[in-house]
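As structure tokens, the structure follows; a few thoughts come after it.
The values are calculated or read from the model by the stated rules, or taken from the named source; none is laboratory data. None of the values given here were measured: they were computed from a predicted structure. As a convention, Cβ positions derive from the backbone with ideal geometry for all residues, glycine included, and neighbour counts pool all protein chains shown.
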Amino acid sequence: MTDPTMLPATSPEAMPAALLALIAGHGPEVAGWLDAALAAPPPPGSPEFMRLFAVAGRKLGGTAPQGRPPGWPPARIARAALLAASVHAAAAEAPARLAAAFRRSDSAERAAILQSLMLLPDPARFADLAADACRSSVQPVFEAIACDNRFPAAHFAEPVFNQMVLKAVFTGAPLARVAGLAERTTAGLRRMAADFRDERRSSGRPVPADLDFLLDPGP
Amino acid sequence: MKLFDPHIHMTSRTTDDYAAMRRAGIVAVTEPAFWLGQPRTHAGSFEDYFLSLVGWERFRASQFGIRHFCTLGLNPKEANNPDLVAGVLELVDLYLEKEGVVAVGEIGYDDMSPAEDDILARQVEMAKRHGLPVMIHTPHRDKKAGTRRTLDLLREAGIPPHLVLIDHNNEQTLEMVLESGCWAGHTIYPGSKMDEPRMVGLVQAFGPERIMVNSSADWGISDPLKVPKTAQAMRDAGITEEAVATIVWRNPIAFYAQSGRLDPAELEIPLPVDQRLLFEGNTVLRGQTPMVEAPAVEAVPAGSDG
């Protein structure tokens, strides 16, 4: 099974089907259920959507086929397919609708929304939602946007990206998993990292090794 | 020695904590309004929270002989939700007039976003209008730059520094805060922010003037006895009783008394506990015999064993 975010570029209409193909091995009952859901996708955040979104976790939870990509259990792919179809159908209302869906989601559902952002039509529209998700204290939710996700490097303004990177250092999310970090590292981010190193030194506490990703190689 | 914890989130703590705090000599606390670990989704949730801070929590503290004050405000994390802002600021404006509210807070920066600039500035204006001091949270990330930006904004807003408490200081920020003329709080946490030995070092370097320590105890790993423990660490390091009392008692009182809602003379008199009392028909007791103390006139015995 491939990482869904590595799927070849496809039209917004075709994305749910491409995702569906990834979980085709789950048997006719699951495929039928998902087909029906995708045929008439309810708007994100509506009660019908939230019910399907929750049920996807139970329908596909706990069954991890061989070779699944890390971070993309089948339930998450199914949720991504639902999101892609519903967001496409919601057209211009999608940002407000998706924000409502996010607010009503539990932690696993939120992580699924964040991980799916790059699969949605015109993802730049969801930058506010993604920036807000960086404020989460629930580590798996924070890591769903900060780690192994191309969205921040592609769509975050510099202050938001820098705060996210520093929070990753604070919370122990490995910087090696921040996609596009090297391209987005600026003088501002290096200055923040250097200040943080000074703060740790003056408090007599260890400097996180991950800061080396950001700091200029010292003398 | 009587102790004042100028920053502790008692709503998150148990009655055992209240009892232990009182035994350790804490007779007054300030509870700043903040977030609940996850963001609220409706402005109305803040109204019930503010009501509990001026109501049930104040009563609960009194049942253990502790005077409870609070600060109200929209915290920086939730300031980033545009759906909340207008409604919550209206509520803050309304509830700031309540009994026991001694400052606007905790307000300040988290991500240092434009929304946080705006909400901080508006709440500083609100404090000026209500004649209240402000209690400032400094950010965890990019702390030094965030503290400098806070001091710049406060200077531009024209609030006198003696009405400002800048909290969560460390070795990187204390000097600039003291130079600004503001009061400087320090959160003594197990494992982050500041610890007792480092705090002793800061007091040895900078003295006790305008310095406070607090526990910021909340729903996370934290210790509501950090004020008495730090007082003991300062004594053990040879810091005078006079200086310790300035830090853990006189300074918080002097700062929050500027609100006009906290009477320093009254604070010297122990709060008699009467557990027969009810709050809206509710009690902290679960079948126990109510403890009733006679109104005391003598000073509280020095009970802090750290």
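Contact map, region B:27-56: residues that are within 14 Å of chain A (Cβ to nearest Cβ) and farther than 18 Å from B:T187 by Cβ paired with residues that are part of a helix (DSSP H, G or I) and of a type in the set (K, R), Cβ distance under 6 Å, separation 6+ or inter-chain. Pairs shown: B:T41/A:R103. If you go through region A:24-48 and pick out every residue that is closer than 22 Å to A:R97 by Cβ and in a helix (DSSP H, G or I), you end up with 7.
No other residue among B:A115, B:A145, B:A86 is more than 20 Å from A:L166 (Cβ to Cβ) and either of a type in the set (A, V, I, L, M) or modelled with pLDDT under 95 (or both) apart from B:A86.
Does region A:182-189 include one or more residues that are out of contact with any strand residue (DSSP E or B) (no Cβ under 9 Å at 6 or more places or on another chain), surrounded by 14 or more Cβ atoms within 10 Å (Cβ to Cβ) and among the hydroxyl-bearing types (S, T, Y)? Checked region A:182-189: at least one residue is out of contact with any strand residue (DSSP E or B) (no Cβ under 9 Å at 6 or more places or on another chain), surrounded by 14 or more Cβ atoms within 10 Å (Cβ to Cβ) and among the hydroxyl-bearing types (S, T, Y).
Residue-by-condition table, conditions (1) closer than 23 Å to B:E242 by Cα; (2) free of Cβ contacts under 8 Å to residues at least 60 places away in the same chain; (3) acidic (D, E):
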position: B:P160; (1), (2), (3): no, yes, no
position: B:V164; (1), (2), (3): no, yes, no
position: B:G181; (1), (2), (3): yes, yes, no
position: B:T187; (1), (2), (3): yes, no, no
position: B:P190; (1), (2), (3): no, yes, no
position: B:P197; (1), (2), (3): yes, yes, no
position: B:F206; (1), (2), (3): yes, yes, no
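Quick one: would you say A:A144 is surrounded by 23 or more Cβ atoms within 10 Å (Cβ to Cβ) and under 24 Å from A:T185 (Cα atoms)? Spelling it out, A:A144 is indeed surrounded by 23 or more Cβ atoms within 10 Å (Cβ to Cβ) and under 24 Å from A:T185 (Cα atoms). A:A99 meets the conditions (1) more than 16 Å from A:I77 (Cα to Cα); (2) more than 14 Å from chain B (Cβ to nearest Cβ) in every case but one. The failed one is (2). One residue alone among B:D167, B:D195, B:D142, B:D152 is among the acidic types (D, E), under 24 Å from B:I119 (Cα atoms) and within 14 Å of chain A (Cβ to nearest Cβ), and that residue is B:D142. Taken together, the criteria place B:S216 among residues that are polar (S, T, N, Q) and at positive phi.
If you go through region B:54-75 and keep only what is in contact with a Lys or Arg (Cβ under 7 Å, 6 or more places away or on another chain) and outside any helix (DSSP H, G or I), you end up with B:F64, B:G65, B:I66, B:H68.
Residues in region B:76-88 that are in a loop (DSSP other than H, G, I, E, B) and either surrounded by fewer than 24 Cβ atoms within 10 Å (Cβ to Cβ) or touching a Lys or Arg at 6+ places or on another chain (Cβ under 6 Å) (or both): B:K77, B:N81. Within region A:157-179, the residues that satisfy the criterion of being outside any helix (DSSP H, G or I), away from every other protein chain (no Cβ under 12 Å) and not β-branched (V, I, T) are A:G172, A:A173, A:P174, A:A179.
Taking region A:127-149, which residues are among the polar types (S, T, N, Q) and within 12 Å of another protein chain (Cβ to nearest Cβ)? Listed by number, the residues that qualify are A:S136, A:S137. Among the residues of region A:198-211, those that are under 22 Å from B:V200 (Cα atoms) and either assigned to a helix (DSSP H, G or I) or at the interface with chain B (Cβ under 10 Å from one of its Cβ atoms) (or both) comprise A:D198, A:E199, A:R200, A:R201, A:S202, A:S203, A:G204, A:R205. Has region A:42-52 got any residue that is free of Cβ contacts under 8 Å to residues at least 40 places away in the same chain and at positive phi? Checking region A:42-52: not a single residue is free of Cβ contacts under 8 Å to residues at least 40 places away in the same chain and at positive phi. Looking only at residues of region B:114-126 that are surrounded by 19 or more Cβ atoms within 10 Å (Cβ to Cβ) and of a type outside the set (D, E, K, R), we find that the one that is farthest from A:D128 (Cα to Cα) is B:M126.
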